Structure formats: structure tokens, C-alpha cells
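Step one of this worksheet: look at the structure below.
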Amino acid sequence: MFMSTILGEVPFDGAIMLTASHLPQNRNGLKFFTSQGGTGKADVKAILLDAADAMDARGGEPIPHSEANIEKQDFMATYSEHLVNIIRRECDDPEDYDRPLAGTKILVDAGNGAGGFFVHRVLNELGADTTGSQFLDPDGSFPNHVPNPEDKIAMKMTSEAVIKNAADLGVVFDTDVDRSGVVDAQGNEVNKNRYVCAFLSGDSGSSQLNTAPLLPYRLIAVVASIVLQEHQGTTIVTDSVTSNGLSAFIESKGGVHFRFKRGYKNVIDQGIELNIKGQDSQLSIETSGHGAMKENYMLDDGAYLAVKIIIELVRIKRRNKEQGVEVLYEGLGEPKEAVEYRIKFKSADFDFKSYGSKLLADLAEFGKGVSEWELEKVNYEGFRFSVAEEGGKAGWFLLRQSLHDPLLPLNVESEVEGGVQAIVSTLKPFLERYSELDLSVLPDA
């Protein structure tokens, strides 16, 4: 909906998107946009306060109608045409300009969210073979899997579809298409690596462990590779839990890695701020898959990221028909082990923010006494330590406070087998000093 304030003969002054996103089936959300971008928390608060003031001025009566001009329009047709034109222009096929994807097999898993349009209005228009595309019709009950490129079932089903249909690429969208992940021709998931995160599930305090995909470094690496071909030296902004291997990869491609905070809006806003200050930042992308590019108004748009990857796929195949997007993440170092523990407080009925802040300050001091640990020079949330491992290898861990919940996420990565256990074993005695922590999620020392 943001693009409705940009595209068209007469762009709209504002737009409101009704979206279920990741809310339960019986709830919806609203996203507000102007030509300056999507609204943040402060903006939404201001809108609500203005509405409340206007209602108070009427003695508590709601305003019966808006004075704004409201127009009914099939904007998806306009937006789809915009994406089609980008692919045509960038592929610039000398033999068939209008159908540059002819002979290319691309399937889409929309998860019964809003992404089905990408097949009908974009890929098919460009001549792609979309055989094997699945779950394209919207259904809020999501009968097949959660529409989420971080969901292991969604990615597994897409991977299987790619192999079955001998596709060149599989694309997975989340519910409202602000995120995407891809699967290469070999069925490899390009939203994450092959590791999982472990976390304590539920609110009961039980010790049951679940697993979920973590570390979408391949997607970040793929998009960073594309961006850095065009913008050498640009800064790539990510959230705080990205790996050492990703930093090395970005630097090897001629980029600068700016590791910031969790929260996709934080990541995107940091990229915007860097650009305002004169430091070129062409890409801001969180490990969740929210990615925004400077050339696309710093909008987290999963369809646009998919378009960029598809364009590059066409270029790769012109050079070598046997290759695909996997060449874009060649050389990405991935950890041997990676785990996320979500450490809860035994009670939320106290000032857990202050408690957590004191704990983190103490951790910075404690770390000075551990010879294998080295505190990262810059930390925007919590504290991240590099950990020396055998054979000259290096792991790391980051302990921080959750953005919203009363818990402390602990991310740990290691380049050696058993390295996560070793790091946690050194850290755990420190954490045991804090009686308000529920450490049952951590492995025994």
C-alpha cells in the first residue's frame, strides 16, 4: 500500500492496509502509510491522540464521515505492472523483451496468504513456467502451513516442490508479502542455514524444547551480493544476531557490515539515518527476512527482494545455464553449531528491565576475567563477546533483553563441535547468581 503513494498518475496522499499478518485468525491489524513510509509506534500514537482529541471536541461523538477523497482502485494491477516493468528493463532480453523469464522455472509458495498475485500477475506475464506453485488462494485458516519464510514446514514443502518440478527457483512469501525466502534449484533453503534454534516454549515454565529455523544468513548474503555488485563500499545494516561468517562475507564482497539491534523497524530506520548522515547504506535487512533497499524507498517488500533475486538468476543463467542463485552465497562461512536460548524470569511482577540492565552491566565486568572472551567494541543492545576456540577458530555469544517480553535471549554460535556447550558452561555460573532467572532452558554444565 505504500507504493500507492508513489505510483500512478495521481499518487494517493495516504493509505491504510488491513492485514492479518501474524495475528490470530480472529484478529486483524492496520498499517498506515504516507509517501514518507510506514508509520512507527510514535506515529500511530499521534494518530490515535489526534483522533481522540477530535472526538472530544465533538463531545464524545465520532466524526460521521471523512472529508478526504476515497477512490476505489485495483492497485494490485498497478503494483504488479511496476514489478513486471522492472524485470523487463533489468533483464533487457534482446530476443524477447516482454517475456525475459521464458524457459525459466520459478514456483511460488504463498502459504494461502496474499502472495498469489506474484504468479498470476508477474511471473506468468513474463513467460515463466510456474508449474508446481502452491497455496496461492488466500485462506486465513492457513490449512497447509504458516505463511512464513522462517517456518521449517513452509520451507520444507517448497524445497520438495522445487525438486519434484525441477524448478530453477522457489519463492516463499509471508502472509502480507513484506518478507520472502527462496529455495535454489538443489532444494537448498536460502532463508537460513541448516541449523536450528532451541527455545523454551509456552508460558508454563515447562522444560519442553522446540526447534525452529534460525540464521537466515544465506538470504542476507544473496541480497548483499547483488547490492554490492552495483554499490561497492556500501553499508549493509543487519540486526544484532548475525554471524561472524556473514560479516566476513560482506567485507570480502567490498561492503561494510553494520550490526545493529533486533527489530526490523530498528534495522530499517538505522539505514535511513546513515543515508541522511551521508554514509551510503543500500540495504537494511533483519534475520527475520524483512529487507529494505535504498532504491526501493527503504520499504520492507518481499516481492521486491524476490524480483531482485529473479533478475540476478536470469543474468547468472545467461553466463552458465548450469548455475543458479547458489553462486551468490558461495564462500559464506556458516557456524558448526548455533542455538538461541530464551531465558525467562521466574516472575514478571517486578521491574525486570532494571534487573536485566544490572545483570548485563555485571556481565561486561565478569567477561573481563574470562581469558577466552573478548567484548565486542560496539554493542547497541546487550553485550556480545567473541570466544576464542581451538584451532584458531572463534565463536560468539550475545545476551540481551527482549524488545517486548520479560526474558533474556541468549544467542550462541560456535565453529567447533561441542562449542556451544563449552560457551554456555562458562557463562552459566555467572547467570546462577541471579535468583530471578529461570535457567531450566540451559543445558547442564
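Quick note: the coordinates plus some simple rules give every number you see, no bench work behind them. Being a predicted model, the structure only gives us computed values, none of them experimental. Cβ placement follows ideal geometry from the backbone for every residue including glycine, while neighbour counts extend to all protein chains displayed.
With R₀ set to 30 Å, the beta-carbon distance separating Phe430 from Asp280 gives a calculated FRET efficiency near 0.15. Placing unit charges on the Cβ atoms of the charged side chains and taking the dipole of the chain about its Cα centre, the candidate lying farthest along the positive direction among Leu359, Ile309, Thr235 is Leu359. For region 75-329, the share of DSSP beta bridges that are antiparallel, to the nearest 5, is 60%. Sequence-ordered 3J(HN,Hα) estimates for region 365-375 from the Karplus curve with 6.51, -1.76 and 1.60 and θ = phi - 60° stand at 6, 4, x, 5, x, 9, 5, 7, 9, 9, 5 Hz, glycine and proline given as x. In this simple spin-label approximation, Ser141 and Ala361 carry label points 7 Å from Cα along the Cα→Cβ vector, and these lie 5.4 nm apart. The modelled label-to-label distance between Ala54 and Asn124, using points 7 Å beyond Cα along the C-beta direction, is 4.0 nm.
In this Cβ point-charge picture (+1 for Lys and Arg, -1 for Asp and Glu), region 337-438 has a dipole of about 320 debye about its Cα centre. The alpha carbon gyration tensor of the chain gives principal lengths a ≥ b ≥ c with a/c of 1.5 or higher and a/b no greater than b/c, which makes the shape oblate.
Dipole of the chain computed with +1 at Lys/Arg Cβ and -1 at Asp/Glu Cβ about the Cα centre; of Val44, Tyr264, Gly369, farthest Cα towards the positive end is Gly369. Test of understanding: in a Gaussian network model of the chain with alpha carbons linked when under 10 Å, which of Leu283, Leu399, Leu30 would top the mean-square fluctuation ranking? Maximum among the listed residues: Leu30. If R0 is 35 Å, the Cβ-Cβ spacing of Glu67 and Lys41 corresponds to a FRET efficiency of close to 0.85. Between Asp96 and Tyr380, full extension at 0.36 nm per residue minus the direct alpha carbon distance yields a gain of 97.3 nm. For the cross-link pairs Lys253/Lys393; Lys265/Lys294; Lys353/Lys377; Lys31/Lys265; Lys336/Lys393, which exceed 18 Å when the distance is taken from alpha carbon to alpha carbon? From the list (Lys253/Lys393; Lys265/Lys294; Lys353/Lys377; Lys31/Lys265; Lys336/Lys393), the Cα-Cα distance tops 18 Å for Lys253/Lys393; Lys353/Lys377. Of all aspartates and glutamates in the structure, those lying under 17 Å Cα to Cα from Lys164, and not within fewer than 8 positions of it along the same chain, are Asp109, Asp129, Asp184, Glu189. Summary value for the chain: 10 percent relative contact order, contacts being C-alpha pairs under 8 angstrom separated by 6+ residues. Packing-based ranking of 267-277, 241-251 yields 241-251, 267-277, ordered from highest to lowest mean Cβ neighbour count within 10 Å.
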